[in-house]
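The values are calculated or read from the model by the stated rules, or taken from the named source; none is laboratory data. This is a predicted model, so every value here is computed, not measured. With ideal geometry, Cβ positions are generated from the backbone for all residues, glycine too; neighbour counts draw on all protein chains shown.
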C-alpha cells in the first residue's frame, strides 16, 4: 500500500526534476518542477482530435496502457511492506503486464495508418524485445541469490555485505536505470526532444493522440519512471525501518532523476541502427550479475 | 453395448452412408457423427480424468495378439482437447465449406477423411498394441493428407500434401524400427513389452529406443529440424483443417513423446536436456521465421513450431525434475507443457478460423494486400486480437498461465541447479523471454497490418463480416481462453491426475502442487480480475471526461504532407525491416530484383522478396539435390530402347536361375580366395 502512495508522489516530481536538471545544465532557468503535471491537467480538460483512419483500438489503447502500468505498480513492494499484489513469481507478472500496455501502444500507433507512426511502432516493438531479457536474467540472479521468487521476499533478503554484493548491486542499478531509460524512450535510445519524426520512437507513436488520451499517456510515462526508481530503491532499503526508508526513497528517486537529466544533457543519442547492439550489451551485463551470483554461492568449481 | 464398439460402429456406418447423401447433408452428417463420437469418447475421458482408468480388450488376431484399449488420465486429457477442437472446428467447417458445394465428389472424400482423422487421432491416444497403433498412425497420415489436398487443382497444394505424406512416412519408419526392435527382443506387440524391455535393458538401450520414438513423434509435432512439412501443409489446407492440424494433429506428436516417457522411462536427465535443447531451438527458430512471412497462414504455421517449442521446454524441465527427483520442478514443467498444449489448441484454432474469415472475405492471404479490416469485420478483428495477445503469453489470457508455470519451473530449477544446469536454466529463461518478445513483434505486425490503418488494395467484391453462426465457435473458444486466464486454478485441477502419472514414476507418492506452488494461482485470479476492473474504471472515467469535451475528426497527421495515399502506410516488410537486418544471418532471404531504378528520371521499378527457410535448404533440399545428381548417373540405363529393356529382363532371369545352380561353386571360390 505504502509503495503505491510513494510511487505516485515520486511520479509527481520525477519528470519535472529531469527537465529542470536539463535546463540548469544548459544554462536556462527552466520551468517549475510541477510543470509536467500542470501540462497533464490542462490536457485532461482539452478536447481531442481523432484521425479518420482510426478505430476503436485507438480509443481504448491509452486506457489499457495506463491500466497496465498501474497494475505493474501494484506489484512493486516497498522495503518490508508488500505491494498490494504479491505472490511467487510476481516479477514475471510485472514484466508481462507491462508488455500488454506496450502491445496496445504499438497497435494504436499502427491504427492511424501513418508511415511515421508505423516506424515508431516497429522500433518500439524491437527494442522492448531486447530490453526484457536483461530484466528477467537480473531478477533470476537475484532470485537465485536469495532463494525467493517474489519481489518483496527477494528485496527483503537482499543483504549488502560482501564486496561482490556491492559490485552486483551497482551493476543491477545500472541495468535497471538503463531498462528504465529504454522503457521510457529516453536518451541513449531515443531523444524525446528531437524535432525530426524520422528519428523518434515513442514521441512519433503518439503523434495523433490528443486531449485526455495524450494526458493519460504522459501520466503513464511519469509513473513508469517512478516505478523503476522504486525498484532501484528496493535494492538498497531491504531491511531498513520506515522512518529511514522513506527519506531514502525520495533521495534515491531524486538522484536518479538528476542523473537521467545529466545523462540527457551531456550525451548524444545513439545511431538508430546501433541501438540493438547497445541493448544486447545490457543482457550481457545482467549475465555478468548472474555469474557474480554463482560466484557468491560458490557454485563455480 | 460397449462404448468402444459403438464408437467403431458409428464410424463404419458413417463411412458407408456419406457417399449416398445429398451434397448439402454430407457435411452435416459428418459433423453429427463426430458429435456422437465426441460424446462417447468424452464420457470415458472425463471419467478417466477423475481417476477411473478405462480398459477394454479386443481379442485381436494371431498376428497382433490381444489388443488393449486403455484410456488413462494422459489419453483423457488429449482426447478432451481433441474433442473440443473437433466440435468447434467441425462447426466452423460446416460454414467454411459452403462455398465449395459445387464439388460434390471432393466433398464426399473430404468428409469421410475428416471423420477418419478424428477417429484415428482418438485411436492413437488409446491403443496399446504396436501393430494396431501403426495402422491407426497410417490412417491418421492418410486422412490428414486427403483433408489437406482438398483444393487439389492448385499445384502448390498437391506439393504440400505430398511433402507431408512423405515426411509422415519417414516418421512411420522410425516408429516401426522402434516397435520391431522391442517385438524382436520380447516377442510381444503389447505396449507393456516396451516397459519390460526398457527396464530390463536400462541405460543406453532405453535412451536409443526412446530417441527412435522421439524422432518419429517430433516429425509429427514439427520440432526443428523436423518441421519442414508444417509451413507448407498448413497454408494449403482449408482453414478449419489448418486450425485442427495446428490445434491437435501436431499435438499428437507431443502426446507420443509423453506416452513414451511413461512407457520407456529412460534416463530422464539426459533425455530432459535433449528435449530442452531441441525445444529451445524450435521455439526461437519458429518465431524468428514467423516474423518475416508474408503469407498469413504460413506465419501461423511457424508460430505452431514456436509453441511446440514452448511445450517442449516444459516437458524438458519436467524430465530434468524427474531425473533429479525434484517433484515440484517436475510437476511445474509437465503442468506447463500440458496446459500449454490446451492453450495453444485454443488460441491457434481461433487465429486460423479468423484468418479463414479474412480469406473468405478478401480471397487473399498475402498480408501486404490487406489493411483496415477492423472497420469491415469488427468481430473477427476482436477475436483475432484476443488470441494474438494470448499467444504472446500476455495476461489476462491463458497463454500467460502456462508460460508462467514454465517460468516458475525454470526459476525453481535455477535454485537447485549446479553450475552447468544453472547456465542451461538461464539460457532457457532468456530464450523464453526472447520468444515472448519476438511473438509480440510478430503479432503486432500481423494485427496491425491486417486489421488496422487503411486498405492497401481495393477489392472488386464487397468485404463483409461472416455470419454470426460461423463466428459462434470462435466466441466459444475465446470464452475458454479468457476463463483459463482468469481462473487457472479451476483448470489446473483437471491436470492433477495426468501429472500424477508422471510424478509417481519414481515410486514416490507425491501430489503435485501440494502447498506452495498451487497457491500461486489464487493471487493471479485476483490480479487478473483487478486488472480487468481497473481497465473498466479507467475507461469509464475517460468516457465521462471525454464526452464533456469537444472532439473532432481530422485526417491522420502526415507531418505536414497533405496528400497521403494508403501506399504510404508502413507495410509488413518495413515493420520488420530493422529486425530482419539484425537476424538476417540466421535465415536466408531470397530476394529477386527485376528492374532497378536508374537514372535521373524515375522509371518503373520492381522488387520481390521471398522468405526462405535455411534449415530446409540444408536438411531437405541439398541432400535431395545430391541424391538426384547421384542417381542421374544411372540414367543411361533407362534409355528408352526396347532392346535394352529385353536385355535387362534376360540378364535378370538368367541370374535368378543360375545363382542357385552355381551357389556351391561360388562358395568354394570364396573359400578359395579366403584361404589365399
Review point. Of everything in the range B:180-201 that's in contact (Cβ under 8 Å) with a residue 60 or more places away in the chain and outside any helix (DSSP H, G or I), which residue is farthest from residue B:261 (Cα to Cα)?
Key: B:188
Review point. Can you name the residue in the range A:61-90 that is at the interface with another protein chain (Cβ under 7 Å from one of its Cβ atoms) and part of a helix (DSSP H, G or I) and is also nearest to residue A:149 (Cα to Cα) among such residues?
Key: A:71
**Study point:** Selection from the range A:1-18 of residues that are part of a helix (DSSP H, G or I) and surrounded by fewer than 20 Cβ atoms within 10 Å (Cβ to Cβ)
**Key:** A:2, A:4, A:5, A:8, A:9, A:12
Point to revise | Answer residue from the range B:408-426, given it is under 24 Å from residue B:288 (Cβ atoms) and more than 24 Å from the chain's Cα centre (by Cα) and is farthest from the other protein chains (Cβ to nearest Cβ) among those | key: B:424
Practice item. Tell me, yes or no, whether the range A:124-134 has at least one residue that is assigned to a loop (DSSP other than H, G, I, E, B) and either within 13 Å of chain B (Cβ to nearest Cβ) or free of Cβ contacts under 8 Å to residues at least 40 places away in the same chain (or both). Key: no
Point to revise | Residue in the range A:135-150 that is surrounded by the fewest Cβ atoms within 10 Å (Cβ to Cβ), counting only those that are in contact (Cβ under 8 Å) with a residue 40 or more places away in the chain and not in a helix (DSSP H, G or I) | key: A:148
Check your understanding: Looking at the range A:223-242, is at least one residue touching a helix residue (DSSP H, G or I) at 6+ places or on another chain (Cβ under 8 Å), within 14 Å of chain B (Cβ to nearest Cβ) and either surrounded by fewer than 23 Cβ atoms within 10 Å (Cβ to Cβ) or in a helix (DSSP H, G or I) (or both)?
Key -> yes
Exercise for review: Look at residue B:225 and say whether it is surrounded by 24 or more Cβ atoms within 10 Å (Cβ to Cβ) and at pLDDT below 90.
Suggested key: no
Check your understanding: Could we say that residue A:212 is in contact (Cβ under 8 Å) with a residue 60 or more places away in the chain and within 12 Å of chain B (Cβ to nearest Cβ) here?
Key -> yes
Exercise for review: Name the one entry in A:101, A:118 that is closer than 30 Å to residue A:212 by Cβ, more than 9 Å from chain B (Cβ to nearest Cβ) and assigned to a helix (DSSP H, G or I).
Suggested key: A:101
Check your understanding: Any chance the range B:161-177 includes a residue that's assigned to a loop (DSSP other than H, G, I, E, B) and surrounded by fewer than 21 Cβ atoms within 10 Å (Cβ to Cβ)?
Key -> no
Check your understanding: Tell me, which residue of the range A:33-53 that is facing chain B (nearest Cβ under 8 Å) and more than 16 Å from residue A:215 (Cβ to Cβ) is surrounded by the most Cβ atoms within 10 Å (Cβ to Cβ)?
Key -> A:53
Exercise for review: Tell me which of these residue B:394 doesn't satisfy, since it passes every other one: (1) part of a helix (DSSP H, G or I); (2) closer than 14 Å to residue B:444 by Cα; (3) facing chain A (nearest Cβ under 8 Å).
Suggested key: (1)
Point to revise | Members of the range A:151-193 found to be within 15 Å of residue A:270 (Cα to Cα) and in a loop (DSSP other than H, G, I, E, B), listed by number | key: A:185, A:186, A:187, A:188, A:189, A:190, A:191, A:192, A:193
Study note, to complete from the structure: For residue B:501, the lone unmet condition from (1) more than 14 Å from every other protein chain (Cβ to nearest Cβ); (2) at pLDDT 85 or above; (3) in contact with a helix residue (DSSP H, G or I) (Cβ under 6 Å, 6 or more places away or on another chain); (4) assigned to a helix (DSSP H, G or I) is (2)
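So, in the range B:447-470, of the ones that are at the interface with chain A (Cβ under 10 Å from one of its Cβ atoms) and part of a helix (DSSP H, G or I), which residue ends up surrounded by the fewest Cβ atoms within 10 Å (Cβ to Cβ)? So that I can check it myself, show each step before the final result.
Step one: filter the range B:447-470 for residues at the interface with chain A (Cβ under 10 Å from one of its Cβ atoms), giving B:447-449, B:451-456.
Checking which are part of a helix (DSSP H, G or I) leaves us with B:447-449, B:451.
Values: B:447: 23, B:448: 27, B:449: 28, B:451: 29.
Only one residue fits best here, namely B:447.
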Point to revise | Among the candidates B:430, B:438, B:405, residue that is crowded, with 24+ Cβ neighbours inside 10 Å and at the interface with another protein chain (Cβ under 8 Å from one of its Cβ atoms) | key: B:438
**Study point:** When residues of the range A:245-273 are limited to those that are assigned to a helix (DSSP H, G or I) and within 14 Å of chain B (Cβ to nearest Cβ), the one surrounded by the fewest Cβ atoms within 10 Å (Cβ to Cβ)
**Key:** A:273
